[in-house]
1. Taking Cα centroids, how far is the stretch A:232-263 from the stretch A:67-81 in Å?
2. I'd like to compare A:81-90, A:265-274: which one has the highest average count of other Cβ atoms within 10 Å, and what's the full order after that?
3. Over the stretch A:78-154, with every protein chain in place, what whole percent of the accessible area is carbon and sulfur at 1.4 Å, could you tell me?
4. Could you tell me whether the stretch A:86-181 comes out rounded, prolate or oblate from its Cα gyration tensor? Rule is a ≥ b ≥ c as square roots of the eigenvalues, rounded for a/c under 1.5, then prolate if a/b exceeds b/c, otherwise oblate.
5. With all protein chains present, how much of the accessible area of the stretch A:178-282 (probe radius 1.4 Å) comes from carbon and sulfur, to the nearest whole percent?
6. By its C-alpha gyration tensor, with a ≥ b ≥ c as the square roots of the eigenvalues, how is the stretch A:157-208 shaped: rounded for a/c under 1.5, else prolate for a/b larger than b/c, else oblate?
7. Write down the accessible area per residue of the stretch A:196-288 in Å², having rolled a 1.4 Å probe over the full set of protein chains.
8. Shape call for the stretch A:124-222 from the C-alpha gyration tensor, a ≥ b ≥ c root eigenvalues: rounded (a/c under 1.5), prolate (a/b greater than b/c) or oblate?
Amino acid sequence: MAQVQAQAAVQGQNVNGGANQFVTTSLYVGDLEANVTDSQLYDLFNQMGQVVSVRVCRDLSTRRSLGYGYVNYSSPQDAARALDVLNFTPVNGKPIRIMYSHRDPSLRKSGAGNIFIKNLDKAIDHKALHDTFSAFGNILSCKVATDLNGQSKGYGFVQFENEESAQKAIEKLNGMLLNDKQVYVGPFLRKQERETEISKNKFNNVYVKNLSEATSEEDLQKTFGEFGTITSVAVMRDADGKSKCFGFVNFENVDDAANAVDALNGKKFDDKEWYVGKAQRKSEREHELKYRFEQNMKEAADKFQGANLYIKNLDDSIEDDKLKQLFSQFGSITSCKVMRDPSGISRGSGFVAFSTPEEASRALQEMNGKMVVSKPLYVALAQRKEDRRARLQAQFSQMRPVTMASSVAPRLPMYPPGGPGLGQQLFYGQAPPAMIPPQVSFYLLI
DNA sequence: TTTGAGCGG
(Lines give C-alpha, C1' and ligand atoms only; values in the text may rest on other atoms or scores of the structure.)
Protein backbone atom coordinates (compact mmCIF):
# COMPACT_ATOMS: atom_id res chain seq x y z
CA MET A 1 0.00 0.00 0.00
CA ALA A 2 2.98 2.24 0.50
CA GLN A 3 3.51 1.84 -3.23
CA VAL A 4 -0.02 3.00 -3.93
CA GLN A 5 0.59 6.08 -1.83
CA ALA A 6 3.97 6.72 -3.40
CA GLN A 7 2.55 6.32 -6.87
CA ALA A 8 -0.32 8.66 -6.14
CA ALA A 9 2.16 11.05 -4.64
CA VAL A 10 4.38 10.99 -7.73
CA GLN A 11 1.37 11.78 -9.85
CA GLY A 12 0.58 14.64 -7.53
CA GLN A 13 -2.70 13.09 -6.50
CA ASN A 14 -4.10 13.04 -3.08
CA VAL A 15 -4.64 9.51 -1.86
CA ASN A 16 -7.16 10.83 0.59
CA GLY A 17 -9.35 12.24 -2.11
CA GLY A 18 -9.01 15.91 -1.22
CA ALA A 19 -7.71 18.76 -3.32
CA ASN A 20 -5.08 20.14 -0.99
CA GLN A 21 -1.73 20.47 -2.73
CA PHE A 22 0.24 19.84 0.48
CA VAL A 23 -1.42 16.57 1.22
CA THR A 24 1.29 14.52 -0.47
CA THR A 25 4.21 16.21 1.25
CA SER A 26 2.84 16.99 4.67
CA LEU A 27 2.79 14.37 7.40
CA TYR A 28 0.91 14.35 10.66
CA VAL A 29 2.91 12.71 13.43
CA GLY A 30 0.87 11.64 16.42
CA ASP A 31 1.22 9.72 19.69
CA LEU A 32 4.32 11.73 20.57
CA GLU A 33 5.82 11.29 24.00
CA ALA A 34 5.42 14.56 25.93
CA ASN A 35 9.09 15.60 25.73
CA VAL A 36 9.69 14.94 22.05
CA THR A 37 11.20 18.04 20.42
CA ASP A 38 11.23 19.58 16.95
CA SER A 39 14.86 18.69 16.51
CA GLN A 40 14.30 15.04 17.40
CA LEU A 41 11.63 14.85 14.71
CA TYR A 42 13.87 16.68 12.28
CA ASP A 43 16.79 14.32 12.84
CA LEU A 44 14.62 11.29 12.40
CA PHE A 45 12.67 12.41 9.35
CA ASN A 46 15.55 14.10 7.58
CA GLN A 47 17.06 10.66 7.11
CA MET A 48 14.38 9.98 4.53
CA GLY A 49 14.97 13.13 2.49
CA GLN A 50 15.19 16.88 2.74
CA VAL A 51 12.78 18.04 5.44
CA VAL A 52 11.35 21.49 4.72
CA SER A 53 9.86 22.15 8.12
CA VAL A 54 8.93 20.39 11.29
CA ARG A 55 7.04 21.30 14.43
CA VAL A 56 5.70 19.80 17.56
CA CYS A 57 2.38 21.50 18.33
CA ARG A 58 2.19 23.09 21.74
CA ASP A 59 -0.35 24.72 23.96
CA LEU A 60 -0.09 28.45 23.34
CA SER A 61 0.17 29.48 26.97
CA THR A 62 1.80 26.53 28.74
CA ARG A 63 4.01 25.46 25.80
CA ARG A 64 3.28 21.87 26.69
CA SER A 65 3.37 19.42 23.82
CA LEU A 66 -0.03 18.51 22.43
CA GLY A 67 1.33 15.09 21.54
CA TYR A 68 1.39 15.62 17.80
CA GLY A 69 3.31 17.52 15.19
CA TYR A 70 3.98 17.96 11.49
CA VAL A 71 6.79 17.17 9.13
CA ASN A 72 6.85 18.70 5.67
CA TYR A 73 8.92 17.47 2.76
CA SER A 74 9.29 19.05 -0.62
CA SER A 75 9.22 15.68 -2.30
CA PRO A 76 6.07 13.54 -2.15
CA GLN A 77 8.23 10.44 -2.60
CA ASP A 78 10.22 11.27 0.53
CA ALA A 79 7.00 11.78 2.47
CA ALA A 80 5.61 8.46 1.28
CA ARG A 81 8.82 6.67 2.17
CA ALA A 82 8.97 8.31 5.59
CA LEU A 83 5.40 7.24 6.28
CA ASP A 84 6.20 3.72 5.22
CA VAL A 85 9.57 3.34 6.92
CA LEU A 86 9.29 5.50 10.03
CA ASN A 87 5.77 4.69 11.13
CA PHE A 88 5.79 3.31 14.69
CA THR A 89 9.44 4.19 15.25
CA PRO A 90 9.89 4.71 19.00
CA VAL A 91 10.94 8.23 19.97
CA ASN A 92 11.70 8.64 23.66
CA GLY A 93 10.52 5.07 23.96
CA LYS A 94 7.07 5.65 22.48
CA PRO A 95 6.16 4.59 18.94
CA ILE A 96 5.07 7.52 16.79
CA ARG A 97 2.05 7.18 14.54
CA ILE A 98 2.32 8.83 11.13
CA MET A 99 -0.47 9.80 8.77
CA TYR A 100 -0.77 12.15 5.85
CA SER A 101 -1.84 15.51 7.19
CA HIS A 102 -5.50 15.89 6.49
CA ARG A 103 -6.98 19.01 7.96
CA ASP A 104 -10.53 18.28 7.08
CA PRO A 105 -11.66 16.12 10.00
CA SER A 106 -14.76 14.72 8.31
CA LEU A 107 -13.21 11.43 7.27
CA ARG A 108 -11.68 10.83 10.68
CA LYS A 109 -14.88 11.71 12.44
CA SER A 110 -17.15 9.71 10.19
CA GLY A 111 -15.59 6.49 11.41
CA ALA A 112 -16.03 4.98 7.95
CA GLY A 113 -13.68 2.08 7.39
CA ASN A 114 -12.76 1.88 11.04
CA ILE A 115 -12.44 -1.58 12.52
CA PHE A 116 -11.75 -3.11 15.90
CA ILE A 117 -9.64 -6.18 16.59
CA LYS A 118 -9.57 -8.09 19.87
CA ASN A 119 -8.01 -11.17 21.37
CA LEU A 120 -4.71 -10.19 19.81
CA ASP A 121 -1.61 -12.02 20.89
CA LYS A 122 0.50 -9.68 23.06
CA ALA A 123 3.43 -10.13 20.71
CA ILE A 124 1.54 -8.40 17.89
CA ASP A 125 2.64 -4.78 17.81
CA HIS A 126 1.54 -1.77 15.76
CA LYS A 127 3.70 -2.75 12.83
CA ALA A 128 2.60 -6.37 12.78
CA LEU A 129 -1.01 -5.28 12.93
CA HIS A 130 -0.42 -2.83 10.12
CA ASP A 131 1.30 -5.44 7.95
CA THR A 132 -1.48 -7.94 8.53
CA PHE A 133 -4.26 -5.58 7.59
CA SER A 134 -2.59 -3.64 4.81
CA ALA A 135 -3.35 -6.55 2.50
CA PHE A 136 -6.95 -5.36 2.40
CA GLY A 137 -6.49 -1.73 1.49
CA ASN A 138 -4.87 1.56 2.28
CA ILE A 139 -4.64 2.18 6.01
CA LEU A 140 -5.07 5.71 7.35
CA SER A 141 -4.31 4.85 10.94
CA CYS A 142 -3.53 1.78 12.93
CA LYS A 143 -2.56 1.00 16.49
CA VAL A 144 -2.53 -1.59 19.22
CA ALA A 145 -3.91 -0.37 22.55
CA THR A 146 -1.07 -0.37 25.07
CA ASP A 147 -0.63 0.27 28.76
CA LEU A 148 1.75 2.86 30.19
CA ASN A 149 4.70 0.52 29.72
CA GLY A 150 3.88 0.03 26.08
CA GLN A 151 2.57 -3.50 26.68
CA SER A 152 -0.20 -4.61 24.34
CA LYS A 153 -3.63 -4.75 25.88
CA GLY A 154 -4.62 -7.37 23.34
CA TYR A 155 -6.82 -5.23 21.16
CA GLY A 156 -6.37 -2.63 18.49
CA PHE A 157 -7.79 -0.47 15.75
CA VAL A 158 -7.33 -0.10 12.03
CA GLN A 159 -8.92 2.68 10.06
CA PHE A 160 -8.95 2.05 6.35
CA GLU A 161 -9.25 4.68 3.69
CA ASN A 162 -12.51 3.17 2.58
CA GLU A 163 -15.32 1.03 3.84
CA GLU A 164 -14.83 -1.71 1.24
CA SER A 165 -11.36 -2.51 2.55
CA ALA A 166 -12.74 -2.68 6.07
CA GLN A 167 -15.48 -5.06 4.98
CA LYS A 168 -12.96 -7.28 3.20
CA ALA A 169 -10.72 -7.39 6.27
CA ILE A 170 -13.62 -8.31 8.52
CA GLU A 171 -14.79 -10.96 6.12
CA LYS A 172 -11.38 -12.57 5.70
CA LEU A 173 -9.87 -12.23 9.16
CA ASN A 174 -12.66 -12.44 11.70
CA GLY A 175 -12.27 -15.70 13.59
CA MET A 176 -8.88 -16.49 12.03
CA LEU A 177 -5.84 -17.55 14.01
CA LEU A 178 -3.13 -14.93 14.45
CA ASN A 179 -0.13 -16.23 16.40
CA ASP A 180 -2.31 -19.15 17.51
CA LYS A 181 -5.02 -16.90 18.91
CA GLN A 182 -8.43 -16.63 17.35
CA VAL A 183 -9.04 -12.94 16.73
CA TYR A 184 -12.26 -11.05 16.56
CA VAL A 185 -12.41 -8.49 13.76
CA GLY A 186 -15.46 -6.26 13.45
CA PRO A 187 -16.58 -2.73 12.78
CA PHE A 188 -15.47 -0.21 15.36
CA LEU A 189 -18.33 0.98 17.53
CA ARG A 190 -18.17 3.76 20.07
CA LYS A 191 -18.94 2.64 23.59
CA GLN A 192 -22.33 4.27 23.49
CA GLU A 193 -23.22 2.70 20.15
CA ARG A 194 -22.05 -0.64 21.42
CA GLU A 195 -24.21 -0.48 24.49
CA THR A 196 -27.26 0.26 22.42
CA GLU A 197 -26.27 -2.62 20.11
CA ILE A 198 -26.31 -4.93 23.08
CA SER A 199 -29.55 -3.58 24.40
CA LYS A 200 -31.03 -4.22 20.97
CA ASN A 201 -30.57 -7.92 21.50
CA LYS A 202 -32.95 -8.45 24.37
CA PHE A 203 -36.51 -7.34 23.98
CA ASN A 204 -40.02 -8.70 23.96
CA ASN A 205 -41.77 -5.92 22.14
CA VAL A 206 -41.43 -5.69 18.38
CA TYR A 207 -42.17 -2.61 16.31
CA VAL A 208 -43.40 -3.02 12.77
CA LYS A 209 -43.94 -0.22 10.28
CA ASN A 210 -44.83 0.31 6.65
CA LEU A 211 -47.85 -1.93 6.95
CA SER A 212 -50.50 -1.69 4.30
CA GLU A 213 -53.61 0.08 5.50
CA ALA A 214 -55.54 -3.13 5.32
CA THR A 215 -53.22 -5.08 7.59
CA SER A 216 -55.08 -5.93 10.78
CA GLU A 217 -54.22 -7.21 14.24
CA GLU A 218 -55.30 -10.65 13.09
CA ASP A 219 -52.86 -10.52 10.18
CA LEU A 220 -50.01 -9.58 12.51
CA GLN A 221 -51.03 -12.27 14.96
CA LYS A 222 -50.91 -14.83 12.18
CA THR A 223 -47.58 -13.74 10.68
CA PHE A 224 -45.73 -13.18 13.93
CA GLY A 225 -47.38 -16.08 15.74
CA GLU A 226 -45.17 -18.43 13.72
CA PHE A 227 -42.23 -17.42 15.90
CA GLY A 228 -43.69 -17.99 19.34
CA THR A 229 -46.33 -17.04 21.83
CA ILE A 230 -47.62 -13.51 21.46
CA THR A 231 -49.00 -11.72 24.52
CA SER A 232 -50.40 -8.70 22.70
CA VAL A 233 -50.64 -7.20 19.27
CA ALA A 234 -51.72 -3.74 18.17
CA VAL A 235 -52.09 -1.78 14.96
CA MET A 236 -52.03 1.93 15.72
CA ARG A 237 -55.02 3.82 14.39
CA ASP A 238 -56.28 7.38 14.21
CA ALA A 239 -59.57 8.57 15.70
CA ASP A 240 -61.53 7.25 12.71
CA GLY A 241 -60.03 3.81 13.10
CA LYS A 242 -57.83 4.22 10.03
CA SER A 243 -54.51 2.40 10.32
CA LYS A 244 -51.41 4.51 10.87
CA CYS A 245 -49.56 1.66 9.17
CA PHE A 246 -47.43 0.70 12.12
CA GLY A 247 -47.94 -1.51 15.12
CA PHE A 248 -46.48 -3.54 17.96
CA VAL A 249 -46.25 -7.23 18.65
CA ASN A 250 -45.26 -8.34 22.13
CA PHE A 251 -43.71 -11.79 22.53
CA GLU A 252 -43.60 -13.79 25.72
CA ASN A 253 -40.06 -14.84 24.95
CA VAL A 254 -37.11 -12.62 23.91
CA ASP A 255 -35.62 -15.21 21.55
CA ASP A 256 -38.86 -15.47 19.65
CA ALA A 257 -38.96 -11.69 19.31
CA ALA A 258 -35.39 -11.67 17.95
CA ASN A 259 -36.18 -14.48 15.52
CA ALA A 260 -39.26 -12.66 14.26
CA VAL A 261 -37.18 -9.52 13.64
CA ASP A 262 -34.49 -11.47 11.80
CA ALA A 263 -36.98 -13.28 9.64
CA LEU A 264 -39.49 -10.54 8.88
CA ASN A 265 -37.51 -7.32 8.65
CA GLY A 266 -37.40 -6.13 5.05
CA LYS A 267 -39.93 -8.70 3.84
CA LYS A 268 -42.71 -7.65 1.52
CA PHE A 269 -46.35 -8.03 2.37
CA ASP A 270 -49.06 -6.62 0.10
CA ASP A 271 -46.26 -4.97 -1.86
CA LYS A 272 -45.07 -3.10 1.23
CA GLU A 273 -41.61 -3.73 2.62
CA TRP A 274 -41.97 -4.07 6.36
CA TYR A 275 -39.53 -2.60 8.80
CA VAL A 276 -39.44 -4.91 11.80
CA GLY A 277 -37.26 -4.11 14.78
CA LYS A 278 -37.04 -3.76 18.49
CA ALA A 279 -39.72 -1.46 19.82
CA GLN A 280 -37.95 1.40 21.54
CA ARG A 281 -39.20 3.04 24.66
CA LYS A 282 -39.89 6.71 24.21
CA SER A 283 -36.82 7.59 26.26
CA GLU A 284 -34.60 5.33 24.16
CA ARG A 285 -35.92 6.82 20.96
CA GLU A 286 -35.39 10.32 22.24
CA HIS A 287 -31.93 9.46 23.43
CA GLU A 288 -30.99 8.12 20.03
CA LEU A 289 -32.45 11.11 18.23
CA LYS A 290 -30.63 13.47 20.51
CA TYR A 291 -27.34 11.65 20.09
CA ARG A 292 -27.62 11.64 16.32
CA PHE A 293 -28.63 15.26 16.28
CA GLU A 294 -25.65 16.25 18.38
CA GLN A 295 -23.29 14.34 16.13
CA ASN A 296 -24.70 16.21 13.16
CA MET A 297 -24.39 19.52 14.94
CA LYS A 298 -20.76 18.78 15.71
CA GLU A 299 -20.05 17.92 12.10
CA ALA A 300 -21.79 21.05 10.93
CA ALA A 301 -19.89 23.20 13.38
CA ASP A 302 -16.57 21.66 12.33
CA LYS A 303 -17.35 22.03 8.69
CA PHE A 304 -18.03 25.72 8.95
CA GLN A 305 -15.24 26.43 11.38
CA GLY A 306 -13.21 29.16 9.80
CA ALA A 307 -15.41 29.52 6.75
CA ASN A 308 -18.28 31.18 8.54
CA LEU A 309 -18.35 34.89 9.26
CA TYR A 310 -20.36 36.72 11.87
CA ILE A 311 -21.48 40.20 10.82
CA LYS A 312 -22.65 42.97 13.15
CA ASN A 313 -23.63 46.59 12.87
CA LEU A 314 -25.59 45.92 9.71
CA ASP A 315 -27.92 48.63 8.54
CA ASP A 316 -31.55 47.58 9.10
CA SER A 317 -32.31 47.93 5.42
CA ILE A 318 -29.97 45.09 4.47
CA GLU A 319 -31.64 41.81 3.64
CA ASP A 320 -30.24 38.34 2.91
CA ASP A 321 -29.82 39.03 -0.80
CA LYS A 322 -28.07 42.31 -0.27
CA LEU A 323 -25.74 40.74 2.29
CA LYS A 324 -24.86 38.05 -0.18
CA GLN A 325 -24.20 40.65 -2.86
CA LEU A 326 -21.81 42.48 -0.56
CA PHE A 327 -19.71 39.40 0.07
CA SER A 328 -19.98 37.39 -3.11
CA GLN A 329 -16.90 39.00 -4.66
CA PHE A 330 -14.72 37.09 -2.18
CA GLY A 331 -15.77 33.60 -3.09
CA SER A 332 -18.53 31.10 -3.21
CA ILE A 333 -21.12 31.70 -0.54
CA THR A 334 -22.83 28.58 0.72
CA SER A 335 -25.31 30.44 2.86
CA CYS A 336 -26.10 33.86 4.09
CA LYS A 337 -28.57 35.13 6.63
CA VAL A 338 -29.59 38.32 8.36
CA MET A 339 -30.83 37.55 11.87
CA ARG A 340 -34.25 38.95 12.68
CA ASP A 341 -36.40 39.18 15.76
CA PRO A 342 -39.78 37.43 15.81
CA SER A 343 -41.53 40.41 14.27
CA GLY A 344 -39.11 40.36 11.35
CA ILE A 345 -37.03 43.37 12.25
CA SER A 346 -33.34 43.00 11.50
CA ARG A 347 -31.16 42.40 14.53
CA GLY A 348 -28.34 44.12 12.70
CA SER A 349 -26.35 40.92 12.68
CA GLY A 350 -25.99 37.97 10.39
CA PHE A 351 -23.84 35.21 8.99
CA VAL A 352 -22.07 34.65 5.73
CA ALA A 353 -20.63 31.21 5.12
CA PHE A 354 -18.04 30.63 2.41
CA SER A 355 -17.04 27.33 0.94
CA THR A 356 -13.47 27.72 2.20
CA PRO A 357 -11.76 29.36 5.19
CA GLU A 358 -9.46 31.20 2.74
CA GLU A 359 -12.37 33.00 1.12
CA ALA A 360 -13.83 33.86 4.50
CA SER A 361 -10.52 35.19 5.71
CA ARG A 362 -10.15 37.46 2.69
CA ALA A 363 -13.70 38.70 3.07
CA LEU A 364 -13.03 39.43 6.71
CA GLN A 365 -9.95 41.47 5.91
CA GLU A 366 -11.62 43.45 3.16
CA MET A 367 -15.02 43.98 4.73
CA ASN A 368 -14.34 44.55 8.40
CA GLY A 369 -14.82 48.25 9.11
CA LYS A 370 -16.11 48.98 5.64
CA MET A 371 -18.86 51.60 5.46
CA VAL A 372 -22.08 50.05 4.27
CA VAL A 373 -25.10 52.32 3.87
CA SER A 374 -24.50 54.38 6.99
CA LYS A 375 -22.42 52.25 9.33
CA PRO A 376 -19.07 50.50 9.45
CA LEU A 377 -19.51 46.74 9.26
CA TYR A 378 -18.16 44.56 12.03
CA VAL A 379 -16.93 41.29 10.58
CA ALA A 380 -15.46 38.45 12.59
CA LEU A 381 -15.09 34.73 12.34
CA ALA A 382 -18.19 33.09 13.74
CA GLN A 383 -17.67 31.96 17.31
CA ARG A 384 -15.53 29.03 18.10
CA LYS A 385 -17.30 25.83 18.98
CA GLU A 386 -16.40 25.91 22.68
CA ASP A 387 -17.65 29.46 23.12
CA ARG A 388 -20.80 28.63 21.24
CA ARG A 389 -21.44 25.68 23.44
CA ALA A 390 -21.03 27.66 26.65
CA ARG A 391 -23.30 30.42 25.42
CA LEU A 392 -25.72 27.89 24.07
CA GLN A 393 -26.10 26.37 27.48
CA ALA A 394 -26.68 29.79 28.97
CA GLN A 395 -29.44 30.45 26.49
CA PHE A 396 -30.91 27.00 26.58
CA SER A 397 -33.24 27.83 29.42
CA GLN A 398 -34.52 30.91 27.64
CA MET A 399 -35.61 29.07 24.53
CA ARG A 400 -39.26 28.29 24.40
CA PRO A 401 -39.83 24.86 22.89
CA VAL A 402 -42.30 24.77 20.03
CA THR A 403 -44.08 21.65 18.98
CA MET A 404 -44.65 21.32 15.28
CA ALA A 405 -46.61 18.85 13.30
CA SER A 406 -44.38 16.71 11.11
CA SER A 407 -45.94 18.23 8.01
CA VAL A 408 -44.71 21.72 8.82
CA ALA A 409 -41.56 20.96 10.78
CA PRO A 410 -38.51 22.15 8.86
CA ARG A 411 -36.09 19.56 7.65
CA LEU A 412 -32.75 19.87 9.33
CA PRO A 413 -30.43 20.55 6.42
CA MET A 414 -27.55 18.54 7.81
CA TYR A 415 -29.50 15.36 8.31
CA PRO A 416 -28.58 12.46 6.11
CA PRO A 417 -31.43 10.63 4.42
CA GLY A 418 -32.98 8.32 6.94
CA GLY A 419 -31.90 10.53 9.83
CA PRO A 420 -34.09 11.14 12.84
CA GLY A 421 -37.64 10.88 11.66
CA LEU A 422 -39.74 13.98 11.49
CA GLY A 423 -42.81 11.91 12.12
CA GLN A 424 -41.76 11.83 15.73
CA GLN A 425 -42.96 14.43 18.15
CA LEU A 426 -39.95 16.65 18.17
CA PHE A 427 -39.51 20.07 19.61
CA TYR A 428 -38.06 22.79 17.49
CA GLY A 429 -37.16 26.29 18.49
CA GLN A 430 -35.56 29.21 16.76
CA ALA A 431 -31.79 28.99 16.81
CA PRO A 432 -30.19 31.59 19.03
CA PRO A 433 -28.23 34.02 16.88
CA ALA A 434 -24.46 33.75 16.87
CA MET A 435 -24.62 30.13 17.91
CA ILE A 436 -25.27 28.08 14.91
CA PRO A 437 -24.20 28.35 11.32
CA PRO A 438 -27.03 29.70 9.21
CA GLN A 439 -27.39 26.39 7.42
CA VAL A 440 -28.80 24.98 10.60
CA SER A 441 -31.81 27.09 11.22
CA PHE A 442 -33.54 25.26 14.00
CA TYR A 443 -32.51 24.01 17.31
CA LEU A 444 -33.86 20.76 18.63
CA LEU A 445 -34.83 20.57 22.26
CA ILE A 446 -35.34 17.15 23.77
C1' DT B 1 -11.88 -8.62 29.71
C1' DT B 2 -10.50 -5.17 26.15
C1' DT B 3 -14.77 -0.72 21.04
C1' DG B 4 -8.99 5.61 20.62
C1' DA B 5 -7.82 9.81 19.10
C1' DG B 6 -6.40 12.64 15.84
C1' DC B 7 -4.55 17.87 12.05
C1' DG B 8 -0.59 23.90 12.14
C1' DG B 9 1.91 27.87 9.90
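The values are calculated or read from the model by the stated rules, or taken from the named source; none is laboratory data. All of these numbers come straight from a predicted model, not from anything done at the bench. Here the Cβ is made from the backbone with ideal geometry for all residues, glycine too, and neighbour counts use every protein chain on show. Side chains included, ligands, DNA and RNA excluded: accessible areas come from the protein's heavy atoms. Shrake-Rupley method; radii C 1.70, N 1.55, O 1.52, S 1.80 Å.
1. Cα centroid to Cα centroid, the span is 58 Å.
2. Descending mean neighbour count gives A:81-90, A:265-274.
3. 50 percent
4. Oblate is the answer for the stretch A:86-181, as a/c is 1.5 or above yet b/c matches or exceeds a/b.
5. Working: 2900 of 6650 Å².
So the carbon and sulfur contribution to the accessible surface is 44 percent.
6. prolate
7. 61 Å²
8. Here the stretch A:124-222 falls in the prolate category.
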